[in-house]
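A short reminder: the numbers here are calculations on the coordinates, not readings from a lab. None of these values were measured; they are calculated from a predicted model. Please note: Cβ atoms are built from the backbone with ideal geometry, for glycine as well, and neighbour counts cover all protein chains shown.
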Amino acid sequence: MKNKKSLGCMDKRNILNQPVVSADLLKSWGDRFFEMACWNDAIDFYEKINERQALESILQVAREEGDLFLFNRVNRVLDLEPEPKDLVELAEQARKLGKERFASEALKQAGVEVEAHEEPSS
């Protein structure tokens, strides 16, 4: 059952592809998806209206969740190039949360050799 606060994929596509659409409508849908933690859907709407503050909030969520995919997507939308230290911090958070794949890929993107960065087992 579809959540009444959500959109189906066709409705979402139709709104996003309208040649003229209200910024208020786009922000409203972005905010709804944000509240539901549907980050990628929220990004789609925020990107269309260049809602930087909301996108930066999602970037913070990506850092907290150690989500490299989300981190990279928001950085692309914001036209930012992440610093190696940001990627290392994201890798450390991902590792804490058991997201080893994100951790190793973030370190690779930061230019850090994974073996050299890993801490020895106790």
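Structural remarks
- Computed over the range 10-112, Kirkwood Rh from alpha-carbon pairs, angstrom: 14.3
- When only Cα pairs below 8 angstrom with a gap of at least 6 residues are kept, the range 10-112 shows a relative contact order of 19 percent.
- For the listed peptides 94-102, 64-72, a ranking on the average number of other beta carbons within 10 Å per residue, highest first, reads 64-72, 94-102.
- In this rough spin-label picture, where each label sits 7 Å from Cα along the Cβ direction, the LEU80-LYS12 distance is 2.3 nm.
- Between helix 23-35 and the chain: long-axis angle, C-alpha atoms, 0 to 90°, nearest 10: 50
- Annotation: aspartates and glutamates with alpha-carbon distance below 16 angstrom to LYS12 (same-chain offsets under eight excluded): ASP24, ASP31, ASP41, ASP44, GLU47.
- Fully extended contour minus Cα-Cα distance, from ASP31 to LYS96, at 0.36 nm per residue: 20.5 nm
- Stretch gain in nm, segment PHE69-GLU113, where the contour uses 0.36 nm per residue and the Cα spacing is subtracted: 13.9 nm
- Most to least packed among 31-38, 12-19 [average Cβ atoms within 10 Å]: 31-38, 12-19
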